[in-house]
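Bear in mind these aren't lab numbers, they're just calculated from the coordinates by the rules spelled out. What you are looking at is a predicted structure, and each value in this text was computed from that prediction instead of being measured. Glycine gets a Cβ as well: all are built from the backbone with ideal geometry, and neighbour counts include every protein chain shown.
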Amino acid sequence: MEQQSFCNISLSDPFFNSLKEDYPEFSKWYNKKKKDNAKAFIQKNNEGMLQAFLYLKQELEDITDVCPPMPAANRLKVGTFKIEAHNTKLGEQFVKKIVVAALHIDADEIYVTIYRKHEGLIRLLKRYGFLVYGTKGHEDEPEFVFVKSMKVYSGDLLYDYPYIHTSKVRKFILSIKPEYHTPLFPDSILDNEERDKSFLVRDIAYTNSIHKIYLCKMRNIDQLSRGDILLIYRMKDEKGAAYYRSVVSSICIVEEIKKASDFKSTEEFIKYANAYSIFNENELRKWYTEYGMTLIKMTYNIAFDRRVTRGELIEQVGLSAGDYWGFMQINDEQFKNIISRGKKYEYRKAIFTRSVDKVVVYSTKPVGMIVGEFTVENILNDTPSTLWDQTHKDSGITKDFFDQYFEGRTHGYALKISSPRLYEEPINPFELFKAFAAPQSFKYIDPNESALLFSNY
């Protein structure tokens, strides 16, 4: 997947024929976006022909051309979304791109309009929490309007994707060999792997899918249950010591655990695992016969902004070098400590006009709580390209998202984070402050509010 300007995407590609048929104004709309230098996410096949196209747009105003109308909100609109299905779970990769983009702009919700005939796409979106809101267009052949709320927590693992529920659930570290890591978790690719990206990240089902299947024979792995959190630990490669080369890269959520005995036959096992496992059919047959084999099905929720090294896990988080790191449980404090080390820079289009030393972090709904704080060590002020050059190794976000965030901007800011701290108990600001309103970007805390807030700690 790559982001391209409309100017570099040919409207004459046969891929667009169905869109032109469904939407008579499509060509006119496309040419306008081309003139505006808009960008879209695309995927091409080996012959260089389009097989997926995704255009996203932030909207803040009332939506009046749907029934019922939608009041003003911070929305991510899926303007155009088409995939040529070819059994590689490509649709899931694009759903992940959509929800991550929504998180990036702190959207209240995502919406998309779809004709009834696109049954496969509708099933895909429903699986991840897109619900029918209303209709758009003529009564005889309307488009359905689907909405996914980004501020309501349902408790359903897939409906709430990519959010994770961290309270009263167990946390574990799960190791994976480097040769399997990036093909399974493409958004967690390491900086030094970028030159091999075309080989590591391909249009393959187990790479594209939100769901992953992990096969192993590690002890105690069968104690896992649905909802448990897994921190994916990429083991060292041949390029250096584990102290520096082994890293926590991702967060996954356990969907289910199965043993070979849970399947009636080898064929049933292969049918279940084939699309989401990195192993081929012959390798899966061997796995099925292995004594003590355990299968973990999990969702791939978050790629760490910054990878946390084994050295940091030992020296700063307090994990023991002598423990078995293939699979081990960690406590809530260790988990919070690891999470807090996953990011060193926070980007902003606008910055404080007052002197600010400390920032408290409000996590938007469904959390809706003040969850921690950090000290502002430094603020970089420069062009987006210079900011990226100076900070990207410690930011972890992709260049695509960075460019999308600063699109049209000639200036930006990067806050260098130090002394991050996650609170043991989050603070409910709606109970603590009168008439609290969540800020779109930031708000200042006056002395009375500050005293009230920090009296809790």
**OP:** Could you list the GluC sites (Glu not before Pro) in segment 1-65 that lie in coil according to DSSP, counting only those with at most 13 other Cβ atoms within 10 Å of their Cβ?
**Re:** GLU25, GLU47, GLU61
**OP:** At most 10 other Cβ atoms within 10 Å and a DSSP loop assignment: could you name the GluC sites (Glu not before Pro) in segment 235-334 that fit?
**Re:** GLU238
Subject >> Likely footprinting exposure, TYR300, TYR288, fewest C-beta neighbours within 10 Å first >> reply: TYR288, TYR300
Subject >> Amide H contacts of ILE330 (H built 1.01 Å from N, under 5 Å, at least 5 apart or other chain) >> reply: LYS171, PHE172, ILE173
Subject >> Cα shape, segment 2-149, gyration tensor, a/c 1.5 rule >> reply: rounded
**OP:** Calculate one ³J(HN,Hα) per residue across segment 242-254 by plugging θ = phi - 60° into the Karplus curve 6.51 cos²θ - 1.76 cosθ + 1.60, and present them in order as whole Hz with x for glycine and proline.
**Re:** 4, 3, 10, 9, 8, 9, 7, 10, 8, 10, 10, 10, 5
**OP:** Rank these for me by crowding, CYS216, CYS252, going from fewest to most other beta carbons within 10 Å.
**Re:** CYS216, CYS252
Original post:
For segment 171-340, what mean projected area does the convex hull of the alpha carbons give, in nm²?
Top reply: 9.8 nm²
Original post:
Can you put ASP357, ASP389 in order, fewest other beta carbons within 10 Å first?
Top reply: ASP357, ASP389
Subject >> the chain: relative contact order as a whole-number percent, Cα under 8 Å and 6+ apart >> reply: 11 percent
Original post:
So who's got an amide H within less than 5 Å of the one on LYS44, skipping anything under 5 residues away but keeping other chains? H placed 1.01 Å off N, in plane.
Top reply: GLN51
**OP:** With a cut-off of at most 14 other beta carbons within 10 Å, and DSSP calling the residue loop, which trypsin sites (Lys or Arg not before Pro) in segment 273-351 qualify? Please list them.
**Re:** LYS349
Subject >> For ILE302, distant residues with modelled amide H under 5 Å away >> reply: ILE251
Original post:
So what is the 222 nm mean residue ellipticity for the chain from helices alone, if each DSSP H run of at least 4 adds -39500 (n - 2.57) and you divide by all residues, rounding to the nearest 500 deg cm²/dmol?
Top reply: -6500 deg cm²/dmol
Original post:
Under 19 Å Cα-Cα from LYS126, which lysines qualify once same-chain neighbours fewer than 8 residues away are excluded?
Top reply: LYS77, LYS82, LYS89, LYS96, LYS97, LYS117, LYS136, LYS148, LYS151
Original post:
Which ³J(HN,Hα) values in Hz, rounded to whole numbers, follow from the phi angles of segment 413-421 under the Karplus curve 6.51 cos²θ - 1.76 cosθ + 1.60, where θ = phi - 60° and Gly and Pro get x?
Top reply: 9, 10, 8, 7, 8, 9, 6, x, 9
Subject >> Lysine pair count for segment 171-340 [Cα-Cα under 15 Å; pairs on different chains or 8 or more apart] >> reply: 19
